[in-house]
Every structure is written in C-alpha cells, then in structure tokens.
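Notes to accompany the following structure.
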Amino acid sequence: MPRHGEVLVAIIDDVLDFSILRSEQWYRIPVKSVEKWLKDCFPPVWIAFYQTKIFGEEGNSVNYVAQVKNIQKVPRHKLFPKEPKDYKSSQMYYKVVIGDLQRHPRPIISLKKRRIHFIPTTIEKFRTADEINDLFDESPLEDLLWAELKKAGIPAERQLFIDIGENRYALDFAIECKDGKIDVETDGNFHHTNPEDVQRDKHRQNDLVTKKWGFLRFTTEDIQERMPYCIDKINQTIDGYGGLKIGNRIRKMSEPKNTFQLTFLDFMNDDEGNP
C-alpha cells in the first residue's frame, strides 16, 4: 500500500548545498520546518531534490533521488563547524544522511517554474510523475479532479501558497486566466461539519475576492458523482475571466480543444513564478 511521505521532494537552491549532497551525502532540514509542514509524514524512506533556476538546464525540476540511510538531530554548528559562531549556530536541524545520489530516469519539471519547499508523496506517484503537480498527495478528491483537469487541458497549479496581508493560504488548484485568477477547492464531507474550518474558509474567500480571485468550491458528491458539472463550471468561469493565459497565448474553453494545441514552449515562454 502506498504510504504518504514515503518519498520527500525537497528544495535545493544553493550550489554549495548541492556540492555537500554529492560529496558528503547529507541534506539538512530545519526542525521547525518538519514540525510545521511534515510532522505527519516524517521520516521519509527516499528523498528527491527539486533544483531551482540557479542550476540552469537542470533548474525548475527534480533530477535526483536517494535512499535515506540515517537521520540525526543536530545543531547548525555541528553541520558547519567552520562558520563563525552567531545566533544561528544553535538552530536545530535534521541531518538526513543519504545513499548514492541517483539520477531520475526523466526530469519531473515545473511548467510554471514555481518555487516549492517540500512535497511528501508516494513512491508510485514519484515513479509516474511527468510534472510537479503530479506529485501532490493531499487527498483522493484532489487526485480525481486533477486527472480530469489534465484531460481537459487546464494547466492548474496544485497546493499553491499565496500571501494576502498577514495570512498565508494553500489553494487546492490555482488557474491563471487573462483577466484574473481562479481558486478551485475540493471539500470533503467532514470539512462542512467543522465550524472552525467553515469560518476560516469564509475569511479566505473574502481575502481572495478582495484580490480579484474567482472562487469555486466542490463537495465530495460533486467530485465523485457529478464530475462533468465540475469541469463545466470551471470552463465557464475560465471564459468569464477572459480565457486561460498560457505564456503569450489565450485559450477560450468554449473553443474546440483541437484548435488549441498546448506545447512545452508555451510554458517556457511564460513569466517565471507563481500564477
């Protein structure tokens, strides 16, 4: 049975860190990051590495993976004994000791060149992923909708974090359009019975609307039993926002799909960053 977090996709955004990874075979994760983001799925069996744009041709993609051999909890000064002692020296890290760094058979790319931090996923999703959004393992409802969005040729970004004022929100699906952006949320049945979640979502929706985001919410029954309705509403909303924005091209969802052929170059010409 696939286990959530069996593979951890982690960021590499520093050439020195990558050199340490290759030569000394360890990677560091702040303890506070694990406690905040990974406490329910740590430790991993495998760790893969998302390289940022500073790595040139290998940037904005996952190219390497390694087996986790050991994990130690250590202060920073033990990781970097030659650094001058300062307030950072006592910060605690998990030192993740790895086996041989293996090249993945094919890069797992980020079409939107987004910046990620950690993605806990299953070994099966890691083996079959073509792009970063295929890795996310948050809920079966999201997986069902994601599969249909791909069939419809809608390049959404999954689990996108955005900041509005002092609040940070994780969006299930973010879709960039010509005249704005759309947040699509999938809610399980339990979610609707939890007053705290309901109140939090009201605040999030209000914040998004003030920033001119469109907003769609689908229930468990919608996703499991009325998927054509969900895709139709998404298509209508996209067209209401001027059509999909992909690089310098605009696609209206009311147009026949075969009149708009999406290519990798469309994304390469897109602006760097999040939708």
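The values are calculated or read from the model by the stated rules, or taken from the named source; none is laboratory data. Just so we're clear, the structure is a prediction, and the values are computed from it rather than from any experiment. Because the Cβ atoms are built from the backbone with ideal geometry, glycine has one as well, and the counts that use them run over all protein chains shown.
Kindly indicate whether any position in the range 87-102 is among the acidic types (D, E) and either in a strand (DSSP E or B) or more than 19 Å from S23 (Cα to Cα) (or both). Please lay out each step first, then the result.
Initially, the range 87-102 is screened for residues among the acidic types (D, E), giving 100.
Then keep just the ones that are either in a strand (DSSP E or B) or more than 19 Å from S23 (Cα to Cα) (or both); that gives none.
No, the range 87-102 contains no residue that is among the acidic types (D, E) and either in a strand (DSSP E or B) or more than 19 Å from S23 (Cα to Cα) (or both).
If you go through the range 141-190 and keep only what is more than 23 Å from I250 (Cβ to Cβ) and of a type in the set (G, A, S), you end up with A147, G165, A170, G188. A single member of P44, P81, P105 is closer than 17 Å to L135 by Cβ and out of contact with any strand residue (DSSP E or B) (no Cβ under 9 Å at 6 or more places or on another chain), and it is P105. From the list H117, H77, the lone residue that is crowded, with 16+ Cβ neighbours inside 10 Å and in the same structural domain as I12 (by TED's automatic domain parsing) is H77.
Is it fair to say T210 is of a type in the set (S, T, N, Q) and modelled with pLDDT of 75 or more?
yes
Every listed requirement among (1) surrounded by fewer than 17 Cβ atoms within 10 Å (Cβ to Cβ); (2) of a type in the set (V, I, T); (3) not in a strand (DSSP E or B) is met by I250 save one, (3). Looking at the structure I just gave you, is S89 more than 29 Å from Y169 (Cα to Cα), of a type outside the set (K, R), surrounded by fewer than 18 Cβ atoms within 10 Å (Cβ to Cβ) and in contact with a Pro (Cβ under 9 Å, 6 or more places away or on another chain)? For S89, the condition - more than 29 Å from Y169 (Cα to Cα), of a type outside the set (K, R), surrounded by fewer than 18 Cβ atoms within 10 Å (Cβ to Cβ) and in contact with a Pro (Cβ under 9 Å, 6 or more places away or on another chain) - is met. Applying the criterion of being in a loop (DSSP other than H, G, I, E, B) and either modelled with pLDDT of 95 or more or in contact with a helix residue (DSSP H, G or I) (Cβ under 9 Å, 6 or more places away or on another chain) (or both) to the residues of the range 145-177, the residue that is surrounded by the most Cβ atoms within 10 Å (Cβ to Cβ) is A156.
Could you say which residue among I108, I123 is assigned by TED's automatic domain parsing to the domain that holds V45 and out of contact with any helix residue (DSSP H, G or I) (no Cβ under 9 Å at 6 or more places or on another chain)? Please lay out each step first, then the result.
Details: I108 fails: out of contact with any helix residue (DSSP H, G or I) (no Cβ under 9 Å at 6 or more places or on another chain).
Exactly one residue qualifies, and that residue is I123.
Here H77 fulfils each of the conditions (1) touching a Lys or Arg at 6+ places or on another chain (Cβ under 8 Å); (2) touching a residue at least 40 places away in the same chain (Cβ under 8 Å) apart from (2). Filtering the range 15-41 down to residues that are at pLDDT below 95 and in a loop (DSSP other than H, G, I, E, B), which residue is nearest to T128 (Cα to Cα)? The qualifying residue nearest to T128 (Cα to Cα) is C41.
Going through (1) of a type in the set (D, E); (2) at pLDDT below 80; (3) buried (at least 17 other Cβ atoms within 10 Å of the Cβ); (4) under 23 Å from E142 (Cβ atoms) one by one, E196 falls short only on (3). Against the definition (over 18 Å from the mean Cα position of the chain (by Cα), aliphatic (A, V, I, L, M), at pLDDT 95 or above and over 19 Å from R3 (Cβ atoms)), how does V96 come out, yes or no? So V96 fails the test. Within the range 1-26, the residues that satisfy the criterion of being more than 20 Å from the chain's Cα centre (by Cα) and not small (G, A, S) are M1, V15, L16, D17, F18, I20, L21, R22, E24, Q25, W26.
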